[in-house]
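Taking it in order: structure first as C-alpha cells, then the write-up.
The values are calculated or read from the model by the stated rules, or taken from the named source; none is laboratory data. All values reported here derive from a predicted model rather than from experimental measurement. Please note: Cβ atoms are built from the backbone with ideal geometry, for glycine as well, and neighbour counts cover all protein chains shown.
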Amino acid sequence: MIHETATDIETTGLLPVEDHDHRQPSRTLRVAVSTTAVIATYAFVLRWKQPQINPAAMESLMEADGLPYDCDAGRWNAFQGWSEPKKTWCCTNQQKGCPDDPLVTGVAPGTGAVPIQTPGAVANPNNYNCDAGRWNAHLGWSVGKQTWCCASMQKGCPDDPLATGVRPGVAAAPLQTAAAAPLAAANPNNYNCDAGRWNAHIGWSVGKQTWCCTNQQKGCPDDPLATGVQPGAVATPGFVPGVAAPVIGANPNNYDCDAGRWNANNGWSDGKKAWCCTNQQKGCPGDQVDTGAR
C-alpha cells in the first residue's frame, strides 16, 4: 500500500522535485527557438516588401550622416538656385537636380508660367551661343547649331521671328517676291527704254526695239508714246509714225543723216542737226545712235 502511494505521487510529479526541475530548461529552450523563428520570418517578409535601395546610394546616405541636403526643396530651380556641392550630392545620391531632371523646369510649381530654358538646363557639349547671330540663323549657323538651339532653346527654328536675315540696327531692304515683282531680264547692252522712246520705231536699233518691247513693253509697234514727234515739237505734216518722214523741201546741203550720226551732237553743224532731226528724226537730242563712240 505504501509502495503504490509513492508510485502515484511520483507519477503526478509531486514527489521528485529534482526530476521536475531537470526537465524545465528543455521546454524553455523550445519556446525561445520558436519565438526567434517567428521574428526572423516576419523581418524577412517586411524586407521583401520594401523597395530595394541601391547599395551604393545607401552607403552614401549612411556616410552622409543625416542627409546634408534637402533635394526636394527648390528642385524646380536646381540649375540656378542650388550650390554646386548640392547639385553634385543630390544628383549622385538621389538622382535629383541632374542635367536631365524633368522636374527642373525653372518655374515654381503652381505659378502657371511658361518654362524658360536656360543654358544650364541641358547639356551643351559644343557651347553653342544661341543668341549670337540669331538674326542670321538660317544662313549663318551650322546645321548642328540650328538643330540644338531650336530643340533646346527654341531659337533659330524655321519660324523664329527674330531670324530675319537682317542684322539688328540695319534697315531691311524690301523683299522682292516672284509674285510681287518679276525678276528683271538681263540687260547686257544697258538699254535705256525711256530715252528716245518717242522715236523708237525709227531711231532705235532692231536689237533695242526687240529687247525693250519684250522686257519693258516700250517701243513696241503699238506703243502710244512712240509718236515719232519729239515731246514739245510740232509734228511734220503728213508724217506717219514708224515711217521715215518725207523730205520737206530741197536738201541744199545734201546732208547725209546717217554719216557720223553716232557723233551727231558733237560732230554735226547746227544746220545739219536741225535739218536731219526735223526731216529724218536723226541726230535729235536723245538719239540712241548718237553715242559719241564709233
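Of the residues making up region 232-272, just one is at pLDDT below 55 and among the polar types (S, T, N, Q), namely Thr236.
Among the residues making up region 93-117, those that are exposed (fewer than 14 other Cβ atoms within 10 Å of the Cβ), within 19 Å of Ala151 (Cα to Cα) and modelled with pLDDT under 80 are Val114, Pro115, Ile116.
If only residues of region 271-294 that are assigned to a loop (DSSP other than H, G, I, E, B) and of a type in the set (S, T, N, Q) are counted, the one that is nearest to Ile202 (Cα to Cα) is Gln281. Within region 249-270, the set of residues being under 11 Å from Asp290 (Cα atoms), charged (D, E, K, R) and outside any helix (DSSP H, G or I) comprises Asp258 only.
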